[in-house]
Structures are given as C-alpha cells and as structure tokens.
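Take a look at the structure set out below.
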Amino acid sequence: MAVTAPRSPAVERRDLQAAFHTFGSVSAQLVRTFEALREQVAQLQGELAAARAGEQQLAARLAALVNGLPGGVLVLDAHGVVQEANPAAREWLGEPLEGTPFAAALARAAVGGGGGTIEHTELRSGRVVNVSRRHADAGEVVLLADVTEAHLMQKLLARQQRLLTLGELAAGLAHQIRTPLATALLYASQMALPGRGAEELTRCGERTVGSLRQLDRLVNDMLAFAQGGAARESVRLSALLEQVAQWLRPALRPGVRLTIRTQAPDLGVRANAPSLVSAVLNLATNALQASDGDLEVELLARRGGRGRAQIVVSDDGPGVPAHLRERIFEPFFTTRARGNGIGLAIVRSVLEAHGGSVVLEPSGRGAVFVMDLPAEESA
C-alpha cells in the first residue's frame, strides 16, 4: 500500500491562495453577468412598456377609425350573436344589438322582416344597405354599406331605359293600334247603316267589342312595360304559381295537361305580385298558343344559385327554332299572324325591374324558359 508524503505548509498555502483567486475571478464574472442581465431585463421591460403603449395607441386609433366609418361593422360569435357593433350599425339596426342574433336584428330593422336580396336590404328608415359577411377567428365580421343613393340611381336608370325603349316603340305601337282601331271603326260604321237586322247588329257589336278589347290589351301591355315593377311585397312562389294556374285552367283545351311543382315550399321572392303573375302567365300562354295538339305544360319553382330563386315554364311543344332564339325578346317581334310581339319583351322588362333575368334554355323538345330572381326565405 502506497503512502502519500505529507504536503508542506508552503504548498498548502499556495494552493489555497490559488483557490481564493479562482473564486474571486468567478465571483467577479458572476457579478458582471448579473449586471448585464439586469440591464437587459430593464431594457426589455422598457421595450415591453413601449410596445404596450403602442398597442394601446393602435387599438385606440383602430377603435376611432371603426367608430368613425360611414358603414356598419359588427362582430359575431360562432352562433351568429352580435358581440360588438360600431355606432353606425347601432343607428341603422337599432337597440339592443349586443347579445342579439344578427339575423333577428336585421329582420327587426328591415322592411318586411328581413326581405331583400343578397345585394340589397331595405331598412325601415328608408336606407338601403349592402350586407357582407366574412369569417374571422371563431366568428364572423359583418359589414353594412349604405348604397341608398346608388340603389335609387339604379332604379331611376332602369326606369329611364324603359321609357327610352317605350319611346322607340311608339311607332310600332301606332302600327299595332291601327289594325284593331280600323276594324272597330268599320264595324261601328256598319251598325249605323239603315236596314241592319238584329243578328247582323249583334255580330258587328261583338266584332267592335273584340277589337276594342285588343286595343285595351295593347295599352295595358305598354303600361306594364313602362312601369316594370311597382310596389313590392313578400311573395311565396308556390302561391304565385297556383294563382297563375287559376288563370290558365279555364283556357285549357282538351289534350293539354298543366303541372305545378315546387321543390322548396318556403321559397319566396320580394316582388310586385301582379306583374310577376302576368309575366309567368305570358310564358305559359305562349306555350298553349304554340301548339294545336296534345301538350304538357309545367310550372316549376326551384332554388337557383347562391341566394336565387327560379321559376321554370316548360312545355313539350314544337319549341323555338334556333335561328329565332336571339330575337324572341325583341319588342314587336312575332311569328304569329295575330301576335303583337310585345309579350316576351314585357316579361324581360318585369324580370329586370326585379333584379332578375329570363332566358330560353336549350332543350331537346319544346321550350324551357327560366326566370331567375333574388330569393327571399319565407318566415
């Protein structure tokens, strides 16, 4: 077993001094490191305080900007309940707003309980707003833009265009009126001749009345073309098609079958009901007049694309020749000897006045007219 020689006091003193020296160096280094860390902490605290102040300033500026916007801004949660709203939204939609489902708030403030289109919603105050919704985090942000002036200008422009078209049609209308007017005058003059029997007077009177009724129809058609859509209300398409059917059934001849179908019973539109009924009736009547034999006519109400409703009038008759498809909606264009050629022009005018359109879709047999309108869900 090896024996370690004892260390001399001088060696032990030297080692102890070296240990103290090392400890002092390490302690000094730790102090310097601590001071550096404390300076960094102070600097970070300053930067954090500045960042918080900047965030508060930015939040204040953002809040002032949102509150000062000329449009309405609402924040909804995942269930569609309003969490925040700026002053414009409160003014337009009314109080209370926070904690209220947005759909209920809009229905409360809108004409007809939320009626309107995807693009435009008319409020009880007379203001027309555009509603835009965007997903954000776990909810939605709703933007309400005031488009009242643009909506009024659009309506005025549409009316001016109809009146301009009406002026262009005046010469054609004069030609259309001249024939039944001349017929009425002819038979009326024959009634004034002496020696006419009762049977001949009755015949002349019936012909005169028939010509005057034709004149009345022409005038009413032109008025409908000029007015487009008047006062509007919520109209359920199933009820509208049934009303059209009530007009059509007495005029159905043997061999003609009329079918009414509705794919969505609650589907409705905001429209001037008489003018829309007249437009559908016009298309259905054209189908009846286009064929003398057996015929099946179908009136269908269905959903269209995003927020749209459609009325489809189809038949299995002879259809429309391909070379005439582009002209059938032109005023006074007709292929029938006794037609006035304004019916389909009125249909297009009525649909455009309601923010919709009408097209003749390609079909293997018969004619298929599709009327597309902004949808309004019935309560």
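The values are calculated or read from the model by the stated rules, or taken from the named source; none is laboratory data. Everything quoted here is computed from the prediction, not taken from an experiment. Here the Cβ is made from the backbone with ideal geometry for all residues, glycine too, and neighbour counts use every protein chain on show.
Couple of notes before you dig in:
- Filter result for the condition that a residue is closer than 18 Å to residue 319 by Cα, of a type outside the set (Val, Ile, Thr) and modelled with pLDDT of 85 or more, over 270, 257, 236: 257
- For segment 274-297, the criterion of being within 17 Å of residue 376 (Cβ to Cβ), in contact (Cβ under 8 Å) with a residue 40 or more places away in the chain and touching a His at 6+ places or on another chain (Cβ under 9 Å) is met by at least one residue.
- Single unsatisfied condition, residue 263 versus (1) farther than 23 Å from residue 348 by Cβ; (2) at pLDDT below 80: (2)
- Hits in segment 123-143 - residues which are of a type outside the set (Val, Ile, Thr), in a strand (DSSP E or B) and at pLDDT 80 or above: 123, 130, 132, 133, 134, 135, 139, 140, 143
- Only one of 274, 265 that is part of a loop (DSSP other than H, G, I, E, B), within 26 Å of residue 120 (Cβ to Cβ) and not hydrophobic (A, V, I, L, M, F, W, C): 265
- Residue 150 outside any loop (DSSP other than H, G, I, E, B), at pLDDT 85 or above and loosely packed, with under 15 Cβ neighbours inside 10 Å: no
- You will find that of 63, 50, 88, the residue that is at pLDDT 80 or above and part of a helix (DSSP H, G or I) is 88 and no other.
- All told, residue 277 falls short of being hydrophobic (A, V, I, L, M, F, W, C) and modelled with pLDDT of 85 or more.
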